[in-house]
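Laboratory data are not the source of any read-out in this text; all were calculated from the coordinates shown. Treat the numbers as computed from the prediction; the structure is a model and nothing was measured. Glycine also receives a Cβ, built like all others from the backbone with ideal geometry; neighbour counts cover every protein chain displayed.
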Amino acid sequence: MYYEETGSKTGKIVLFLHGFPFDHTLWQESGKSLGDSHHLIFPDLRGFGQTNLPVTQVTTMSQFAQDAIDLIDCIDNTARVVVCGLSMGGYVAMNFARRFGNRMAGLILCDTKAQPDPESVAQNRKRRADALPETGLDALAGVMLPNLFAPQTASDIRETVHAMILRQPVNGVAAADRGMAERPDATDWLPTFAMPTLMICGEQDTISPASEMKLMAAKIPNARFTAIPNAGHLPPVEAPNYFAIAVKNFLDEIF
Ligand code: MLT
């Protein structure tokens, strides 16, 4: 599994799980402002970026979470980590928290949701995944890009994200899309999660709206919600400094 790391190797581990269809560079700008006190790990999930793990028809959120704990175990098999996931990375982070909560010190969920896809959305994803080898990533980017950003997000940021989408492996993207269509409902699990949790959402996110994330935060006993101004679905790239401050304050409090 390919990953980049920054900060102190003796610091507490914070694992950053990117969304769909992105890679670890989603965190690049905000990572620069996260400081040196913690051990920050930015992997490419299976089928994305430079990770070369085998990809089948479907990559489930459970498989991504297993890869994540395997990676943590390779780095330090006793560590209690903070897992931070954005959108699809959030689905994976919730799966991780359900199964490996005893290895966690906290959870950060960004621009994500607990509910599964409605049947029509799940069917759409499967059709989109099956067509992807023919339609290509540019078509997927064309569908996704108009919904990803706040209206005021600068064109160079939009171009960086566009390029990130275009360089992902088609089979990895299709398998993850099918995996998201199968993800289970995490709503009933939220009240059972006792760890400190930070919920972050771009104020202008139309994919995972802030109003819904606020409701989600209210269901987790030890959660707080932070809205990021001037950001849509991708606060770490649209408002990297603001995003980093929110994350850093949370980490400094819990570690
Ligand atoms: C993401 O950013 O990871 C996607 O919007 C997730 C999704 O398609 O549900």
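Can you confirm whether region 117-125 contains a residue that is part of a helix (DSSP H, G or I), touching a residue at least 12 places away in the same chain (Cβ under 8 Å) and within 26 Å of ASN249 (Cβ to Cβ)? Checked against the condition, which is being part of a helix (DSSP H, G or I), touching a residue at least 12 places away in the same chain (Cβ under 8 Å) and within 26 Å of ASN249 (Cβ to Cβ), region 117-125 yields no hits at all.
Among the listed residues ASP205, ASP188, which satisfies the condition of being closer than 17 Å to HIS18 by Cβ and among the acidic types (Asp, Glu)? Exactly one residue qualifies, and that residue is ASP205. Within region 93-100, does at least one residue satisfy the condition of being more than 16 Å from the ligand (Cβ to nearest atom), more than 29 Å from PRO191 (Cα to Cα) and without any contact (Cβ under 8 Å) to a residue 40 or more places away in the chain? Checked against the condition, which is being more than 16 Å from the ligand (Cβ to nearest atom), more than 29 Å from PRO191 (Cα to Cα) and without any contact (Cβ under 8 Å) to a residue 40 or more places away in the chain, region 93-100 yields no hits at all. Taking the listed residues THR153, THR192, THR160, the one that is among the β-branched types (Val, Ile, Thr) and within 30 Å of PRO221 (Cα to Cα) is THR192, with no other qualifying.
With respect to (1) within 12 Å of the ligand (Cβ to nearest atom); (2) more than 24 Å from ALA154 (Cα to Cα), the lone exception for MET216 is condition (1). Name the residues in region 1-46 that are within 16 Å of the ligand (Cβ to nearest atom), more than 15 Å from CYS84 (Cα to Cα) and not in a loop (DSSP other than H, G, I, E, B), would you? Hits for region 1-46: nothing passes. Note on region 49-70: among residues that are touching a Phe, Trp or Tyr at 6+ places or on another chain (Cβ under 7 Å) and buried (at least 19 other Cβ atoms within 10 Å of the Cβ), the one that is nearest to SER87 (Cα to Cα) is MET61.
Note on region 78-93: residues that are assigned to a helix (DSSP H, G or I) and touching a helix residue (DSSP H, G or I) at 6+ places or on another chain (Cβ under 7 Å) total 3. For the structure I just gave you, tell me whether THR60 is of a type outside the set (Lys, Arg) and within 15 Å of the ligand (Cβ to nearest atom). In short, yes.
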